[in-house]
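Below you'll find the structure, written out as structure tokens, and then a few comments.
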Amino acid sequence: MPVPATGLIRGPNFKELPGRKCEIAFSIEAEDGSEKWLTLLFDGVEVYKCTYLTSLSSVPQDLRTEAYGRVVTVKNSDWLDKVNECYQNYHSRRTTKPMELQHLTICFDDGPCYEFICTNFKPSFEASGITAGTK
């Protein structure tokens, strides 16, 4: 994210979109003081989950720390392995070609922590016009 997770004005807001897509939207303060909405788009979503504050300790502490305010790829994911097994099996019986799946996570203040198994991720924000804290 172009600002620390503590710099959000509103959000994060989660939305399931048509075509196996999910979006997380949030707003930040732009350089001119206006509110600027940014989105994170997850495409080819096979499965997702959202963990709120009261159950946040069910997500490993090191993953929560690493994914705080940024999208990270989860390595050695048992969840990805299980989903990928089903995904590959499905495609082996069809004429469709499977795409590579990845396990992505992002956590916000006090949760929620979002996790996705999907084929693609695309942020839709620009670093210009954003207040202090830009990385």
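The values are calculated or read from the model by the stated rules, or taken from the named source; none is laboratory data. This one's a predicted model, so the numbers in the text were calculated from it and none came from an experiment. Cβ: placed from backbone, ideal geometry, glycine included. Neighbour counts: every protein chain shown.
Can you pull out every residue in segment 108-135 that is modelled with pLDDT under 95 and either more than 27 Å from Leu53 (Cα to Cα) or not in a loop (DSSP other than H, G, I, E, B) (or both)?
Lys122, Pro123, Ser124, Glu126, Ala127, Ser128, Gly129, Ile130, Thr131, Ala132
Out of the residues in segment 16-46 meeting the condition of being hydroxyl-bearing (Ser, Thr, Tyr) and surrounded by 14 or more Cβ atoms within 10 Å (Cβ to Cβ), tell me which one is farthest from His91 (Cα to Cα).
Within segment 16-46, the subset hydroxyl-bearing (Ser, Thr, Tyr) is 27, 34, 39.
Imposing the further condition that a residue be surrounded by 14 or more Cβ atoms within 10 Å (Cβ to Cβ) reduces the set to 27, 39.
Details: Ser27: 39, Thr39: 30 Å.
Taking the candidates together, the pick is Ser27.
Please give the number of the condition Val72 fails out of (1) among the hydrophobic types (A, V, I, L, M, F, W, C); (2) exposed (fewer than 13 other Cβ atoms within 10 Å of the Cβ); (3) without any contact (Cβ under 8 Å) to a residue 40 or more places away in the chain.
In the conditions (1) among the hydrophobic types (A, V, I, L, M, F, W, C); (2) exposed (fewer than 13 other Cβ atoms within 10 Å of the Cβ); (3) without any contact (Cβ under 8 Å) to a residue 40 or more places away in the chain, Val72 misses (2) alone.
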